1. How much of the calculated P(r) for the stretch 2-100 lies past 21 Å, in percent of all Cα pairs?
2. Fewest first, what order do Glu183, Glu2 take by the number of other Cβ atoms within 10 Å?
3. Just flag the trypsin sites (Lys or Arg not before Pro) in the stretch 65-114 sitting in loop per DSSP whose Cβ has no more than 11 other Cβ atoms within 10 Å.
4. Please compare each pair in Lys162/Lys191; Lys77/Lys139; Lys130/Lys191; Lys23/Lys162; Lys50/Lys74 to a cut-off of 24 Å on the Cα-Cα distance and tell me which ones are over it.
5. Looking at (i) 1.15; (ii) 1.07; (iii) 1.34, which value of Cα Rg over 2.2 N^0.38 Å comes from a calculation on the structure shown?
6. Relative contact order of the chain: what whole-number percent is it, with Cα pairs under 8 angstrom and at least 6 residues apart?
7. In terms of Cα to Cα distance under 15 Å, which aspartates and glutamates are near enough to Lys103, apart from those fewer than 8 places away along the same chain?
8. Pull up the cross-link candidates among the aspartates and glutamates for Lys90, meaning alpha carbon to alpha carbon under 12 Å and not fewer than 8 places away within one chain.
Amino acid sequence: MEVNGLRQVLSHGEHLKVIRGDKIKLLDVVADWVNTNDLSVNFLGYVGNKMKNTGEDRGYLINTATDMWTKYSKDGKGLQYPIAINYMNKRIGEIFVDIDEPKLNYIVVKHSQGGQRWYADGDIITVTPKDTLELIDIKTNINGNIGVKINVFGNDLGNQNKIITFSKKTADEVHTAIVVAREGIILGRAKIQISGEPVAVIKESTK
């Protein structure tokens, strides 16, 4: 199987740990004395062929944030799903996909008037209209921050370094934050508190 494009091999009974929003593709299965074409690989909680559910899910790219049916997960909590290997309608093996929620550990922001600081979810970043912020780094529980996006004042910044400057126009308080998200799931946010309520202007980092 592949997780975010990286191949992995699992044996019967093993657990694959992923973060919600990771993308999985079931490639193939090998069993002793059985032709692979006579086997079916059924990811319970996912339907590959929406027109006809054949119970065969090899070859489909599965988004663990949007494609799963929670009611088929263990205890209906959406945190663990079995993948069944069947031969002649009999289950001969299975593996399990354990899904953790994506989390923001911290963001690193450089202040033009106060050095570099770390902020966790819910923290407040205090600036002045003359201050400049640079987004230096983001730490999440997602390997390589795949799919992670940054939104500042309604602007989607991806995950590149950015410079934020301010003017003295009135800001929309709802958007006065650095928001970190993935596949529509908000990992965390740090509110920006600005004296004089300026509006942020996003500029590309010159680094």
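1. On the way: 1298 of 4851 pairs.
Result for the distance tail: 27 percent.
2. Details: Glu183 16, Glu2 13.
Fewest-to-most Cβ neighbours within 10 Å comes out as Glu2, Glu183.
3. Numbers: sites: Lys71, Lys74, Lys77, Lys90, Arg91, Lys103, Lys110; in loops: Lys77, Lys103.
In loop regions of the stretch 65-114 (DSSP not H, G, I, E or B), the sparsely surrounded trypsin sites (Lys or Arg not before Pro) are Lys77.
4. Numbers: Lys162/Lys191 17 Å; Lys77/Lys139 26 Å; Lys130/Lys191 18 Å; Lys23/Lys162 27 Å; Lys50/Lys74 22 Å.
Where the Cα-Cα span goes over 24 Å, the pairs concerned are Lys77/Lys139; Lys23/Lys162.
5. Only one option fits the structure, namely (iii).
6. Details: 454 pairs, mean separation 35.1, N = 207.
So the answer I get is 17 percent.
7. Cross-link targets: Asp22, Asp121, Asp123, Asp137, Glu183.
8. Answer for Lys90, where 12 Å is the Cα cut-off: Asp38, listed by chain and number.
FYI, it's all coordinate maths here, none of it is from the lab. Here the structure is a predicted model, which means the values were calculated and not measured. Here Cβ is always computed from backbone atoms with ideal geometry, including for glycine, and neighbour counts include all displayed protein chains.
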